[in-house]
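Asker: I have a structure I would like to understand better, so I am pasting it below and will then ask my questions one at a time.
Values quoted throughout were computed directly from the atomic coordinates according to the rules given, and no laboratory measurement underlies them. Keep in mind that this is a model prediction, so the values were computed, not measured. Note that each Cβ is placed from the backbone with ideal geometry, even for glycine, and that neighbours are counted across all protein chains shown.
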Amino acid sequence: MSEGAEATPSETSSWEQADLLSLVAANPSRRDTPVAPVDPPLPAPETVLSEAVSLEAASAGSVTTLLIIDTETTGLQPGRDQCIEVGAVLFSVPDRSVLSQVSFLMPAEQNPAQGVNGIAPALTQRPQPWKSALACFEAMVEAADLLVAHNAAFDRQWFGQGPLPALTKPWLCSMEDVRWPADRHLRANPSVRDLALAYEVPVWAAHRALTDCIYLAQVFERCEQLEVLLSEGLEPRRLYRARLSYEERHKAREAGFRWNEPVSGAWSRRLSEREVNRLDFPVVPVEESLERRIA
């Protein structure tokens, strides 16, 4: 086998994407399309510059207000599928408190992922002020210093599609970017459910957008080191590939690297320079052109 070869899929994929993948695989009418998300197009240079400037400002210690975001969708691929629910919680970091929250459904003709999120198409078409709620959401975005999502790479790709606005403020992924305290005994890439339970937050439901936002907000309320975790989570990161033999692959898994995701045929993870220096095995950076395509 080649360096770091592994025959099984990532063990740390988010629970919602895993359920969606299972649903698509079980639905014969959708087997003619790939179940893996399509690589997004390269961002425009001005978008990259804008996000870089915003991230630098956020990492300078000015983050006091978070907007926690979650989405529910009809599948995994923007352009083919659509976002049908958005939930958001505006959260004050110094006060460890919720400022406001919103959740709304957007009309859909069908929802192949109903078995995962429980949202019937007919429900999305019931009368409700979703356009007013969307305007409220945009005002909350404007008030936030930082956008936070669990598996942000999945959620952020839906904005700028359909009625949802493109969001240019910096994002932080509470699954990939935040290194949760060791005394919580979490795996390297915990699910929202695992994270909530580790912080003694009751878990009563799953796969509705506002519910998952509330879980994260309640975790942040209980997190004494939140400012430190946010600051370290905002450190510049690059995508690295582990250089390990097949027999040593457990080291990569334990360090939160994923097999075959996002780099095909390799154990990879985004790391800051500080995190690279703490590893007890060698890594090499992924080529910048490839990293941009899968960012």
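Asker: What's the magnitude of the charge dipole for the range 45-233 around its Cα centre, counting Lys and Arg as +1 and Asp and Glu as -1 at the beta-carbon? Answer in Debye, nearest 20.
Answerer: Working: 12 positive and 23 negative charges, 101 e Å.
In debye, rounded to 20, the range 45-233 gives about 480.
Asker: Please order 132, 268 by the number of other Cβ within 10 Å, starting at the fewest. Please list the in-between numbers first.
Answerer: Working: 132 11, 268 24.
Placing the least packed residue first, the sequence is 132, 268.
Asker: With a sphere of radius 9 Å drawn around the Cβ of residue 179, what net charge do the other residues whose Cβ falls strictly inside it have (Lys, Arg +1; Asp, Glu -1)? Let's see the in-between values first.
Answerer: Details: positive: none; negative: 177, 232, 275.
After counting each charged neighbour, the total is -3.
Asker: Arrange 264, 174, 100, 272 by Cβ neighbour counts within 10 Å, fewest through most, would you?
Answerer: Values: 264 10, 174 23, 100 13, 272 17.
Fewest to most other Cβ atoms nearby, the residues stand as 264, 100, 272, 174.
Asker: Kirkwood Rh over Cα pairs of the range 133-188 into Stokes-Einstein at 4 °C, 1.567 mPa s: D in µm²/s? Before the final figure, lay out the partial values.
Answerer: Values: Rh = 12.8 Å.
For these conditions, the coefficient is 101 µm²/s.
Asker: Give me the Kirkwood hydrodynamic radius of the range 45-233 in Å, from all C-alpha pairs, to one decimal place?
Answerer: Details: mean 1/r = 0.0587 Å⁻¹.
After inverting the pairwise mean of 1/r, the radius is 17.0 Å.
Asker: Another question, if that's okay. For the range 237-295, what is the Kirkwood hydrodynamic radius in Å, using each pair of distinct C-alpha atoms? Working shown, then result.
Answerer: On the way: mean 1/r = 0.0877 Å⁻¹.
When all Cα pairs of the range 237-295 are included, the Kirkwood radius is 11.4 Å.
Asker: Fewest to most neighbouring Cβ within 10 Å: what's the order for 73, 124? Present the calculation step by step, with values, prior to reporting the outcome.
Answerer: Working: 73 27, 124 21.
Arranged by neighbour count, lowest to highest, 73, 124 become 124, 73.
Asker: Above 20 Å lies some portion of the pair distances; for the range 183-288, what is it as a whole percent of all C-alpha pairs?
Answerer: Numbers: 2830 of 5565 pairs.
Summing the P(r) tail past 20 Å for the range 183-288 gives 51 percent.
Asker: Also, I was wondering about something else. Over the range 79-186, how many percent of alpha carbon pairs lie in each 5 Å bin up to the one with the longest distance?
Answerer: Per 5 Å bin, starting at 0, the Cα pair percentages come out as 2, 10, 18, 21, 20, 14, 9, 4, 1, 0.
Asker: Please compute the contact order of the range 176-295 in relative form: average sequence separation of alpha-carbon pairs under 8 Å and at least six residues apart, divided by the residue count, as a percent. Walk me through the numbers on the way to the answer.
Answerer: Working: 123 pairs, mean separation 28.6, N = 120.
So the answer I get is 24 percent.
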